[in-house]
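A short worksheet on the structure shown next.
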Amino acid sequence: MAGHCHANLKDAANLLCAEWEKVSRESIVHCWVMSSVFPMAMSASVVSLHEEYLEVLEADVDEVLSVFRGTALRGEVVGSESQYDARDCTRAWL
């Protein structure tokens, strides 16, 4: 805090700005899409404008599926036999 005194509104604003700068564009897109605030067509439009979001999402899907591969938990979490359905389920879950 400025001058090691009690926090003030400017200190709070500075902390907020510093933390906001750390939030990635992909995280913001993900939150908007997952919130279901937008109609489906608008969500698709937002995602298409931010292709890097899809790349990050697909990498996350790959990682989750590789962690669960060969485990009994996979059937409970992913709940699908086919690889295509497993990817869709995992993508929706994320």
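Label-to-label distance, Glu51 versus Cys17, with points set 7 angstrom from Cα along the beta-carbon direction: 3.4 nm. Less than 15 Å Cβ to Cβ from Asp62, Lys/Arg counted +1 and Asp/Glu -1: what total charge do the surrounding residues give? Here the charged neighbours net out to -1.
FYI, it's all coordinate maths here, none of it is from the lab. Since the model is a prediction, treat every value here as computed from it, not as a measurement. Note: ideal-geometry Cβ built from the backbone for every residue, glycine included; neighbour counts use all protein chains shown.
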